[in-house]
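Only the coordinates and a few stated rules stand behind these numbers; no lab work does. Computed from a predicted model, the values in this text were never measured in an experiment. Methodologically, a virtual Cβ is constructed for each residue, glycine included, from the backbone with ideal geometry; neighbour enumeration extends over all protein chains shown.
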Amino acid sequence: MRVRVPVRRSFLPALAAAVLLTVAGCGSGGESGASGGSGEAGTAAGSSPEAGSGEEPADGSGTDDGTDDGTEGGDANGSAEVPDAFRFTGQTLDGQKFDGAELAGKPTVLWFWAPWCPKCKAQGPETAKVAQEFEGKAHVVGVAGLDKPAAMKDFVSSAKVGGFPQLNDEPGAVWRKFGITEQSVYVVLDGKGKTVFTGNLPAGEGLAGKVRELVG
């Protein structure tokens, strides 16, 4: 009996430590997001709980995989210079670091696309045209997901949309931040980070008008 007492005492702290480690491990889950396409048009890996319903765009919740949500309560803090919507980071398809904070102050178009999506490819020419027309007055950024970088790069080349930044969002961090659950979707924000439009524009029709209204 004297032998079992110290064993039992040493086992309980070990068990408690194991429980703590398990809880900590669970806190970092759910980051797979939109990695790897399913090959089915109209769907995204935003079916994960973090993807949201689209009613919480740019809420600054962010994730650990490429998204920095900044500090909480950005709207309540008058000293905050960067709106929550622009508090994210990523990497472009050519390997450069991207900071969403650089978008603040000007209207911004985020174009969420997938390499295998024919609707996305049809949107390419008009999106590229808008990016060129409003260069210096507004930002246009492509956010690629649901596939691998090699396929994304092929799409950029074939669709001729290399004239503006294209993010590699294979993990789906930016998609989740803006509540995007399918490809070929535009999110248009004003310079203060307020979402003024979210949706599909066939062949990009009407995109220029939406940006023009914000530019003035």
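Listed here are the residues, each with its yes/no results for (1) within 20 Å of the chain's Cα centre (by Cα); (2) small (Gly, Ala, Ser).
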residue	(1), (2)
Lys129	no, no
Asp147	yes, no
Thr181	yes, no
Ser184	yes, yes
Thr198	yes, no
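Here segment 134-148 is the region considered, the condition is being under 11 Å from Phe164 (Cβ atoms) and not aliphatic (A, V, I, L, M), and the residue that is surrounded by the most Cβ atoms within 10 Å (Cβ to Cβ) is Gly142. Do the conditions hold for Val156, that is, is it under 21 Å from Pro115 (Cα atoms), among the aliphatic types (A, V, I, L, M) and not in a loop (DSSP other than H, G, I, E, B)? Yes: the conditions hold for Val156.
Can you tell which of Phe112, Phe164 is over 15 Å from Ala85 (Cβ atoms) and in contact with a strand residue (DSSP E or B) (Cβ under 6 Å, 6 or more places away or on another chain)?
Phe164
The condition of being farther than 23 Å from Gly216 by Cβ and crowded, with 19+ Cβ neighbours inside 10 Å holds for only one of Gly95, Gly163, Gly193, Gly124, that being Gly124.
The sole residue among Val161, Val187, Val196 that is in contact (Cβ under 8 Å) with a residue 24 or more places away in the chain, part of a strand (DSSP E or B) and not acidic (Asp, Glu) is Val187. Every condition in (1) within 20 Å of Phe88 (Cβ to Cβ); (2) within 19 Å of the chain's Cα centre (by Cα) holds for Cys120 except the one numbered (1).
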